1. If you stretched the chain out fully between Ala110 and Arg72, how much longer would it get, using 0.36 nm times the residue separation minus the C-alpha to C-alpha distance?
2. Quick check for me: using +1 on Lys/Arg Cβ and -1 on Asp/Glu Cβ, what's the dipole size of the chain about its Cα centre, in debye to the nearest 20?
3. Starting from a Cα-only point model with no solvent, please compute log10 I(q)/I(0) by Debye for the chain at q = 0.15, 0.20, 0.22 1/Å.
4. Pop out the carbon and sulfur fraction of the accessible area of the chain as a percent, whole number, probe 1.4 Å.
5. Calculate one ³J(HN,Hα) per residue across region 37-49 by plugging θ = phi - 60° into the Karplus curve 6.51 cos²θ - 1.76 cosθ + 1.60, and present them in order as whole Hz with x for glycine and proline.
6. Which FRET efficiency, nearest 0.05, do Met42 and Ala130 yield, Cβ-Cβ r, R0 22 Å?
7. Between Asn18 and Ala92, what length in nm is gained on full extension when 0.36 nm per residue of separation is reduced by their alpha carbon distance?
8. Show me the ranking of peptides 28-34, 7-13 by mean Cβ neighbours inside 10 Å, starting with the highest.
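The values are calculated or read from the model by the stated rules, or taken from the named source; none is laboratory data. Here the structure is a predicted model, which is why all the values come from computation and not from measurement. Reconstructed Cβ throughout: ideal geometry from the backbone, glycine too, with neighbour counts over all protein chains shown. These accessible areas exclude ligands, DNA and RNA; they are computed on the full protein's heavy atoms, side chains included. Shrake-Rupley method; radii C 1.70, N 1.55, O 1.52, S 1.80 Å.
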Amino acid sequence: MRDQRVAFRDLDYFRHVNNAAYVTWTETLRIEYMIEVVGVPMDAPVGIIMASQRFDYAYPVALGEVVAVGIRCSRLGTKSLDFEYEIYSRTAEKLAARGFNAIVAYDYAAGTSVAIPRAWREAIVAFEPALQA
(Lines give C-alpha, C1' and ligand atoms only; values in the text may rest on other atoms or scores of the structure.)
Protein backbone atom coordinates (compact mmCIF):
# COMPACT_ATOMS: atom_id res chain seq x y z
CA MET A 1 0.00 0.00 0.00
CA ARG A 2 1.22 3.46 -0.82
CA ASP A 3 0.07 6.84 0.48
CA GLN A 4 0.17 9.94 -1.65
CA ARG A 5 -1.23 13.44 -1.65
CA VAL A 6 -3.46 14.40 -4.58
CA ALA A 7 -1.66 16.95 -6.76
CA PHE A 8 -3.17 19.63 -9.00
CA ARG A 9 -2.16 17.65 -12.10
CA ASP A 10 -4.46 14.80 -10.94
CA LEU A 11 -7.60 16.97 -11.24
CA ASP A 12 -10.05 17.39 -14.08
CA TYR A 13 -12.36 20.21 -15.12
CA PHE A 14 -14.77 19.31 -12.31
CA ARG A 15 -12.05 19.76 -9.64
CA HIS A 16 -11.94 16.14 -8.55
CA VAL A 17 -9.41 13.45 -9.41
CA ASN A 18 -9.61 12.48 -13.06
CA ASN A 19 -10.08 8.81 -13.88
CA ALA A 20 -6.69 8.77 -15.63
CA ALA A 21 -4.96 9.52 -12.31
CA TYR A 22 -6.42 6.35 -10.76
CA VAL A 23 -5.02 4.35 -13.68
CA THR A 24 -1.59 5.96 -13.26
CA TRP A 25 -1.55 5.34 -9.51
CA THR A 26 -2.43 1.65 -9.95
CA GLU A 27 -0.07 1.13 -12.90
CA THR A 28 2.78 2.55 -10.81
CA LEU A 29 1.91 0.22 -7.95
CA ARG A 30 1.63 -2.77 -10.33
CA ILE A 31 5.10 -2.05 -11.75
CA GLU A 32 6.50 -1.85 -8.21
CA TYR A 33 4.75 -5.15 -7.35
CA MET A 34 6.30 -6.87 -10.36
CA ILE A 35 9.77 -5.53 -9.49
CA GLU A 36 9.69 -5.94 -5.71
CA VAL A 37 7.54 -9.06 -5.27
CA VAL A 38 8.07 -10.97 -8.51
CA GLY A 39 11.57 -9.72 -9.42
CA VAL A 40 10.62 -8.74 -12.99
CA PRO A 41 11.86 -5.34 -14.19
CA MET A 42 9.98 -3.36 -16.82
CA ASP A 43 12.53 -4.23 -19.51
CA ALA A 44 12.49 -8.00 -18.92
CA PRO A 45 12.13 -10.08 -22.11
CA VAL A 46 9.12 -11.82 -20.58
CA GLY A 47 6.90 -9.35 -18.81
CA ILE A 48 3.25 -8.48 -18.57
CA ILE A 49 0.67 -6.89 -20.83
CA MET A 50 -2.81 -5.72 -19.92
CA ALA A 51 -5.81 -7.64 -21.22
CA SER A 52 -8.59 -5.71 -19.49
CA GLN A 53 -9.18 -3.01 -16.93
CA ARG A 54 -12.12 -1.76 -14.89
CA PHE A 55 -12.63 0.90 -12.22
CA ASP A 56 -15.66 1.62 -10.06
CA TYR A 57 -15.76 5.01 -8.38
CA ALA A 58 -17.45 5.62 -5.02
CA TYR A 59 -16.20 8.99 -3.78
CA PRO A 60 -14.82 12.04 -5.68
CA VAL A 61 -11.34 12.68 -4.27
CA ALA A 62 -10.24 16.35 -4.25
CA LEU A 63 -7.05 18.38 -4.31
CA GLY A 64 -4.83 17.92 -1.27
CA GLU A 65 -6.47 14.75 0.03
CA VAL A 66 -4.19 11.91 1.04
CA VAL A 67 -5.07 8.61 -0.57
CA ALA A 68 -3.84 5.09 0.11
CA VAL A 69 -3.56 2.85 -2.95
CA GLY A 70 -3.52 -0.90 -2.32
CA ILE A 71 -2.86 -3.84 -4.62
CA ARG A 72 -3.24 -7.59 -4.43
CA CYS A 73 -3.01 -10.45 -6.87
CA SER A 74 -6.38 -12.17 -6.63
CA ARG A 75 -6.02 -14.95 -9.22
CA LEU A 76 -3.26 -16.91 -10.93
CA GLY A 77 -4.26 -18.64 -14.14
CA THR A 78 -2.14 -20.50 -16.67
CA LYS A 79 -1.13 -17.44 -18.70
CA SER A 80 -2.92 -14.65 -16.87
CA LEU A 81 -3.27 -13.16 -13.44
CA ASP A 82 -5.66 -10.66 -11.92
CA PHE A 83 -4.81 -7.63 -9.82
CA GLU A 84 -7.32 -5.83 -7.63
CA TYR A 85 -6.89 -2.32 -6.25
CA GLU A 86 -8.50 -0.15 -3.62
CA ILE A 87 -8.05 3.59 -3.44
CA TYR A 88 -9.01 4.93 -0.02
CA SER A 89 -9.19 8.60 0.99
CA ARG A 90 -7.42 8.84 4.32
CA THR A 91 -8.57 12.46 4.51
CA ALA A 92 -12.29 11.67 4.17
CA GLU A 93 -11.97 8.16 5.62
CA LYS A 94 -13.88 6.74 2.64
CA LEU A 95 -13.32 4.19 -0.06
CA ALA A 96 -12.86 6.22 -3.24
CA ALA A 97 -12.54 3.51 -5.90
CA ARG A 98 -11.92 -0.12 -6.68
CA GLY A 99 -10.06 -1.33 -9.74
CA PHE A 100 -9.29 -4.55 -11.54
CA ASN A 101 -6.79 -5.64 -14.21
CA ALA A 102 -6.48 -8.91 -16.06
CA ILE A 103 -2.80 -9.20 -16.94
CA VAL A 104 -1.14 -11.67 -19.32
CA ALA A 105 2.42 -13.00 -19.17
CA TYR A 106 3.93 -11.89 -22.47
CA ASP A 107 7.10 -12.64 -24.43
CA TYR A 108 7.83 -9.32 -26.13
CA ALA A 109 10.45 -10.71 -28.55
CA ALA A 110 8.10 -13.44 -29.80
CA GLY A 111 5.02 -11.21 -29.60
CA THR A 112 2.94 -13.85 -27.86
CA SER A 113 1.46 -14.76 -24.51
CA VAL A 114 3.27 -17.40 -22.47
CA ALA A 115 2.61 -19.49 -19.40
CA ILE A 116 3.29 -17.66 -16.14
CA PRO A 117 6.85 -18.67 -15.19
CA ARG A 118 7.16 -20.95 -12.17
CA ALA A 119 9.42 -18.45 -10.38
CA TRP A 120 6.69 -15.78 -10.70
CA ARG A 121 4.09 -18.16 -9.25
CA GLU A 122 6.30 -19.05 -6.32
CA ALA A 123 7.07 -15.40 -5.54
CA ILE A 124 3.42 -14.33 -5.77
CA VAL A 125 2.13 -17.22 -3.66
CA ALA A 126 4.82 -16.53 -1.05
CA PHE A 127 3.62 -12.92 -0.91
CA GLU A 128 -0.11 -13.75 -1.24
CA PRO A 129 -0.46 -16.98 0.78
CA ALA A 130 -4.22 -17.28 0.08
CA LEU A 131 -3.47 -17.96 -3.59
CA GLN A 132 -2.69 -21.42 -4.90
CA ALA A 133 0.25 -22.01 -7.24
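1. Working it through step by step, the gained length comes to 10.8 nm.
2. Dipole of the chain, to the nearest 20 debye: 160 debye.
3. -0.73, -1.10, -1.24
4. 54
5. For region 37-49, the Karplus curve yields 8, 8, x, 10, x, 4, 9, 5, x, 10, x, 10, 9 Hz.
6. After rounding, the FRET efficiency stands at 0.25.
7. Computed gain between Asn18 and Ala92 is 24.9 nm.
8. In decreasing order of mean packing, 28-34, 7-13 become 28-34, 7-13.
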